[in-house]
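A.B. asks: I have a structure here, written as structure tokens, and I will follow up with some questions on it.
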Amino acid sequence: MSYSEFQRATMFFDAKDYTEAGRILAPIVEGEPTNRASVELLGRAYFHSAQLRRAEETFVRLVELDPANGWAYEALARTLERRNRADEARRYRKLAHAMGVELTAEIEVSVTASNLVDDPHPRMTRAL
């Protein structure tokens with residue numbers, strides 16, 4: 001893996017260009033499928049760009065690579081919830097909670113014109 005490519009992907013992710021971050025990360029993960037940092041960032045990029053099937057596959061890979069990573073279970077649970085598979089998500093959420101991961105709230109991503117009038121700098125929180 002080229003560290004400079006990983007840094008470039010991180011830069012795009014931090015700029016909220018999740019699709020471009022995923023495009024850069026996919027070949028990195030393909031070349032080094034056991035690199036947990038790259039797999040995690042790729043899953044997050046897919047999640048935030050609503051590529052939920054890919055996010056699910058990537059978070060499953062992360063859980064397999066690092067079964068003691070509670071955050072990975074939570075990320076997989078959130079992805080399954082977004083795919084309307086709450087029953088499946090519950091199992092992973094319980095595992096994450098048992099590993100000490102705090103339960104996360106829903107992601108608020110809606111911005112309306114009235115939000116902008118009330119607050120010209122709306123804050124969006126993201127758990128992933």
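A.B. asks: Considering only protein heavy atoms and a probe of 1.4 Å, how much of the accessible area of the range 2-51 is carbon and sulfur, as a whole percent?
C.D. replies: Carbon and sulfur: 51 percent of the exposed surface of the range 2-51.
A.B. asks: Beta carbons within 10 angstrom, averaged per residue: use that to sort the peptides 44-50, 70-76, highest first.
C.D. replies: 70-76, 44-50
A.B. asks: Please list, in order along the range 16-27, the HN-Hα scalar couplings obtained from phi with the Karplus expression 6.51 cos²θ - 1.76 cosθ + 1.60 (θ = phi - 60°), rounded to whole Hz, x for Gly and Pro.
C.D. replies: Once rounded to whole Hz, the list reads 6, 9, 5, 5, 5, 4, x, 4, 6, 6, 3, x.
The values are calculated or read from the model by the stated rules, or taken from the named source; none is laboratory data. Since we're looking at a predicted model, the values are computed, not measured. Ideal geometry is used to build each Cβ from the backbone, glycine not excepted, and the neighbour counts take in all protein chains shown. Keep in mind that these areas ignore ligands, DNA and RNA; they rest on the heavy atoms of the full protein, side chains included. Shrake-Rupley method; radii C 1.70, N 1.55, O 1.52, S 1.80 Å.
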